[in-house]
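Notes to accompany the following structure.
The values are calculated or read from the model by the stated rules, or taken from the named source; none is laboratory data. Remember, predicted model here, so these are calculated numbers, not experimental data. Quick reminder, even Gly has a Cβ in these numbers, built from the backbone with ideal geometry, and neighbours come from all protein chains shown.
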Amino acid sequence: MTISELGSLGEVIGAFGLIVTLVFLAMEMRLTRQAEESRDLEQVQIRIQEFNLAVATSPSLSAIMAKWNKLIDGHYQPLPDDITESSIIELFTEDERAALVNYFYGNAMNMEMILAKVARGTLSRETLRYYDTELRESARYLTVLGNMTIPPRLGRKYLSNSVKPNRLTA
């Protein structure tokens, strides 16, 4: 074998090595992206668990949320059509309404984070479908709790036809 032939063989081996390297890098990037999505989903789930733990460890908040869940027939159930801002004012004291507003607004900001992660591509649209009911109902709950500022992504996606836009949902 001549030096020229060895050089050609080296080029073929080098090209093959380049292809193997590119395939490896593509697989590594895919695995890294999946790990990032899992980490982001875990972060969202931890925040949801923290919200639920806050309710479970606070007797007063737990009582308020039990009253709310009884009103809507369960946890994150659809908001009944007959529940309005005025009926909430009749059923809940000012302090209870303040607790509900703080709880649901904090939860809405968490839901806003989910939508931001989906928009950035760090959470898949398939994952969003899992949270869809909770996201929609969180947005709807805010509509009966008074003059609230609804987080923009949540308002645009779930309330575009049912609520007058405010400065953040417009």
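What to note about this one:
- Scanning segment 41-63 for residues that are without any contact (Cβ under 8 Å) to a residue 12 or more places away in the chain, surrounded by fewer than 13 Cβ atoms within 10 Å (Cβ to Cβ) and small (Gly, Ala, Ser) yields a single hit, Ala56.
- Segment 132-156, subset closer than 16 Å to Ala119 by Cβ and surrounded by fewer than 20 Cβ atoms within 10 Å (Cβ to Cβ), residue modelled with the lowest pLDDT: Asp132
- Positions within segment 64-101 being free of Cβ contacts under 8 Å to residues at least 60 places away in the same chain, assigned to a loop (DSSP other than H, G, I, E, B) and exposed (fewer than 13 other Cβ atoms within 10 Å of the Cβ), in sequence order: Asp73, Gly74, His75, Pro80, Asp81, Asp82, Thr93
- Residue match in segment 9-17 (condition: among the β-branched types (Val, Ile, Thr), surrounded by fewer than 16 Cβ atoms within 10 Å (Cβ to Cβ) and without any contact (Cβ under 8 Å) to a residue 40 or more places away in the chain): yes
- Criterion: in contact with a Pro (Cβ under 6 Å, 6 or more places away or on another chain) and in a helix (DSSP H, G or I) - qualifying residue of Glu112, Glu36: Glu112
- Hits in segment 1-55 - residues which are polar (S, T, N, Q) and more than 34 Å from the chain's Cα centre (by Cα): Thr2, Ser4, Ser8, Thr21
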